[in-house]
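**Q** The structure follows.
The values are calculated or read from the model by the stated rules, or taken from the named source; none is laboratory data. Note that the structure is predicted; figures quoted are calculated from it, not measured. Cβ sites come from the backbone with ideal geometry, for glycine too, and all protein chains shown count toward neighbours. For the accessible areas, the whole protein counts, side chains as well, though only heavy atoms, and no ligand, DNA or RNA atoms are used. Shrake-Rupley method; radii C 1.70, N 1.55, O 1.52, S 1.80 Å.
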Amino acid sequence: MITLASDFGSPYPAAMKGVILSRTDARLVDVAHDLPRQDPRAGAFWLREVLPYFPSAVHLVVVDPGVGTDRRVLIVEAGDHRLVGPDNGILVPVAERLAADPTYYAGSATDPASSTFHGRDVFAPLAADIQDSGLESTVEREGLTPVEDVTRVEFPTPTIEGPEAIGEVLVVDDFGNAITNVPGSFLNGYSRDAILVDGRQTPVARTYAEVPPTERVATVGSHGNVELAVNRGRGDRAFDLEPGDPVYLAPVENATD
């Protein structure tokens, strides 16, 4: 099995599939091709949450704002999984979720057919070769070497002091849910109560439907983090938040008006 994830939209993923299918008859599974564009950190977050649910596979990942530059090609051995993509940090969080001690192999993108579409010209052939020939053969043939100095993306750590937290919005999903870096356990003391989100009183609930339609809610998402949402609406708009924005969570008794 080869999975594919990118920020390409359409029709570019079809070209990658064509290259792969010309080299192998492996089953192809689309993870997503609408990852936040040119944002390796957001892509890293989503892949870390999704790929561990797959059985062993080769995972082709292309969110690559540095395409055509001297950024390296990366192949990762993470337990029974293999990951292929650019060395810009997007592969590391999921690799470390898949295996306690992943092995990274890096090299340059040699002789691409273009300098703007390495997903088709570099990464897709590598994924197909790993699927058919194996990791060791592909690494040797491509002249890749084990490395430790891989590029990393950093998810910021929230500041939590008692019942107050200062966090950050990591991503916003397609429903408009603003996913923060504050661990869901922070809300334990607010169960079925309310909390101040940037000074606005907001119900705390286990599910979206526990509040009326169009009402704001703070909950714990499937990723385990505090999520700011609206029942049948968009949390990012209601809370006026976007990725990278700070978020201040505090008890209602801290309200000043």
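**Q** Mean 1/r over all different Cα pairs, inverted: what Kirkwood radius does the range 1-86 give, in Å?
**A** 13.3
**Q** Give the separation of the Cα centroids, the range 33-70 to the range 154-195, in Å.
**A** 23
**Q** Right, here's the next one. Using a 1.4 Å probe on the protein heavy atoms only, what accessible surface does Glu242 show? Give it in Å² to the nearest 10.
**A** My reading of the accessible area for Glu242 is about 110 Å².
**Q** Then there is this: What ³J(HN,Hα) values, in whole Hz, does the Karplus curve 6.51 cos²θ - 1.76 cosθ + 1.60 give for the range 82-91 when θ = phi - 60°, with x put for Gly and Pro?
**A** For the range 82-91, the Karplus-derived couplings read 10, 10, 10, x, x, 8, 10, x, 5, 8 Hz, x marking Gly and Pro.
**Q** If you place +1 on the Cβ of every Lys and Arg and -1 on the Cβ of every Asp and Glu, how big does the dipole about the Cα centre of the chain come out, in debye to the nearest 20? Before the final figure, lay out each step's value.
**A** Numbers: 20 positive and 39 negative charges, 125 e Å.
Around 600 debye, computed over the chain.
**Q** Tabulate in residue order the Karplus-calculated ³J(HN,Hα) for the range 29-38, using 6.51 cos²θ - 1.76 cosθ + 1.60 with θ = phi - 60°, rounded to whole Hz; enter x for Gly and Pro.
**A** 10, 7, 7, 5, 10, 10, 4, x, 5, 6
**Q** Work out from phi, with θ = phi - 60° and the Karplus expression 6.51 cos²θ - 1.76 cosθ + 1.60, the ³J(HN,Hα) of each residue of the range 221-231, listed in order in whole Hz, and give x for Gly and Pro.
**A** Coupling constants for the range 221-231: x, 4, 7, x, 10, 5, 10, 10, 9, 9, 5 Hz.
**Q** Is the shape of the range 63-145 rounded, prolate or oblate, going by the alpha carbon gyration tensor and its root eigenvalues a ≥ b ≥ c, with a/c under 1.5 for rounded and a/b larger than b/c for prolate? Each step should come with its number before you reach the end.
**A** On the way: a/c = 1.94, a/b = 1.30, b/c = 1.49.
Oblate.
**Q** Still on this structure, I have one more. Order the peptides 11-19, 45-53 from the highest to the lowest mean number of other Cβ atoms within 10 Å of their residues.
**A** For the peptides 11-19, 45-53, the packing ranking is 45-53, 11-19.
**Q** Could you list the GluC sites (Glu not before Pro) in the range 63-167 that lie in coil according to DSSP, counting only those with at most 14 other Cβ atoms within 10 Å of their Cβ?
**A** Hits after loop and neighbour filter: Glu148, Glu154.
**Q** Can you find, among His81, Thr3, Pro40, the residue farthest towards the positive end of the dipole of the chain? Put +1 on the C-beta of Lys and Arg, -1 on that of Asp and Glu.
**A** Result: Thr3, furthest along the dipole toward the positive end.
**Q** Okay, moving on. Compute the Cα gyration tensor for the range 1-152, then decide on rounded, prolate or oblate, letting a ≥ b ≥ c be the square roots of its eigenvalues: rounded whenever a/c is under 1.5, prolate when a/b is larger than b/c in the other cases, and oblate in all that remain.
**A** Rounded is the answer for the range 1-152, as its axis ratio a/c remains below 1.5.
**Q** Using amide H atoms built in the peptide plane, which far-off residues or other-chain residues are under 5 Å from Leu74 H to H?
**A** Gly85, Asp87
**Q** What size of dipole, in debye to the nearest 20, comes out for the range 137-221 about its Cα centre when the only charges are +1 on Lys and Arg C-beta atoms and -1 on Asp and Glu C-beta atoms?
**A** Computed charge dipole of the range 137-221: roughly 360 debye.
**Q** Follow-up. Along the positive direction of the dipole of the range 188-257 (beta-carbon charges: Lys, Arg +1; Asp, Glu -1; about the Cα centre), which of Leu228, Pro243, Ala209 reaches farthest?
**A** Positive-end residue among those listed: Ala209.
**Q** Which whole-number percentage describes the relative contact order of the chain, with Cα contacts under 8 Å and a sequence gap of 6 or more? Kindly include the intermediate steps, with their values, before the conclusion.
**A** Numbers: 540 pairs, mean separation 38.7, N = 257.
Relative contact order comes out at 15 percent.
**Q** Given Cβ point charges of +1 (Lys, Arg) and -1 (Asp, Glu) and nothing else, what value in debye, to the nearest 20, does the dipole of the range 1-141 about its Cα centre take?
**A** Using Cβ point charges on Lys, Arg, Asp and Glu, the range 1-141 gives about 240 debye.
**Q** Also, I was wondering about something else. Accessible area, 1.4 Å probe, largest first: how do His223, His59 sort?
**A** Working: His223 35, His59 0 Å².
Order by accessible area, largest first: His223, His59.
**Q** Which of the listed residues, Gly184, Ala99, Val61, is farthest toward the dipole's positive end in the chain, when Lys, Arg count +1 and Asp, Glu count -1 at the beta-carbon?
**A** Looking along the dipole axis, the top candidate is Val61.
**Q** While we're looking at this one, here's another question. Excluding ligands, DNA and RNA, what is the solvent-accessible area per residue of the chain at a probe of 1.4 Å, expressed in Å²?
**A** 48
**Q** Using a 1.4 angstrom probe on heavy atoms only, work out the carbon and sulfur share of the accessible area of the chain in %.
**A** Numbers: 5650 of 12300 Å².
With neighbouring chains kept in place, the figure for the chain is 46 percent.
**Q** Okay, moving on. Can you give the translational diffusion coefficient of the chain in µm²/s, computed by Stokes-Einstein from the Kirkwood radius over Cα pairs at 4 °C and 1.567 mPa s?
**A** This corresponds to a translational diffusion coefficient of 66 µm²/s.
**Q** Decide, for the range 161-254, between rounded, prolate and oblate: order the square roots of the alpha carbon gyration tensor eigenvalues as a ≥ b ≥ c, take rounded if a/c falls under 1.5, and otherwise choose prolate if a/b is larger than b/c, else oblate. Show your work: numbers first, answer last.
**A** Working: a/c = 1.41, a/b = 1.13, b/c = 1.25.
Since a/c stays below 1.5, the shape of the range 161-254 is classed as rounded.
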